[in-house]
Amino acid sequence: MRFPEPVRNADDHASPVWARSKKRRSGGGGGGFVGFIVTLLALFGVLTAVLGIKERSLAEGGALMDGWITAGIEQGRTLIGQAPEAAEVAADKAGAAAEKTGDALEAGAATTAEKLKAE
């Protein structure tokens, strides 16, 4: 039995529809992000359900999770508040190291210049 023309491949080979190679289109990159968000929401829902069963109330389980979230936000704010101080200390250390390097280069250049003059 021969198949009609619309069933043929683009290469003009006669083959049934189910025998064609499957070509996938790229999703444009948005599918991975959406999948990540859906996965996070699903995990959040499962955690809520488990805590609801453990605490015997969804409200109490949600309150427990709310406490965790609040503690995390406060910790983040504390770390952000410490960030400028840590950056200033790091900049001071880098400045001191650069000064020592400059001094060493200057001493090396002076020594080299004296040796060249002596020759």
**Asked** Is there a residue in region 55-65 that is over 37 Å from the mean Cα position of the chain (by Cα) and surrounded by 10 or more Cβ atoms within 10 Å (Cβ to Cβ)?
**Response** no
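Could we say that Gly102 is more than 30 Å from Val50 (Cβ to Cβ) and surrounded by 10 or more Cβ atoms within 10 Å (Cβ to Cβ) here? Give the derivation first.
On the way: more than 30 Å from Val50 (Cβ to Cβ): yes; surrounded by 10 or more Cβ atoms within 10 Å (Cβ to Cβ): yes.
Against the criterion (more than 30 Å from Val50 (Cβ to Cβ) and surrounded by 10 or more Cβ atoms within 10 Å (Cβ to Cβ)), Gly102 qualifies.
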**Request:** Mind telling me which of the residues Gly72, Gly62 ends up being at pLDDT 85 or above, closer than 30 Å to Ala49 by Cβ and of a type outside the set (Lys, Arg)?
**Result:** Gly72
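The values are calculated or read from the model by the stated rules, or taken from the named source; none is laboratory data. The structure displayed is predicted, hence computed values, not measured ones. Using ideal geometry, Cβ is built from the backbone for each residue, glycine included, and neighbour counts are taken over all protein chains shown.
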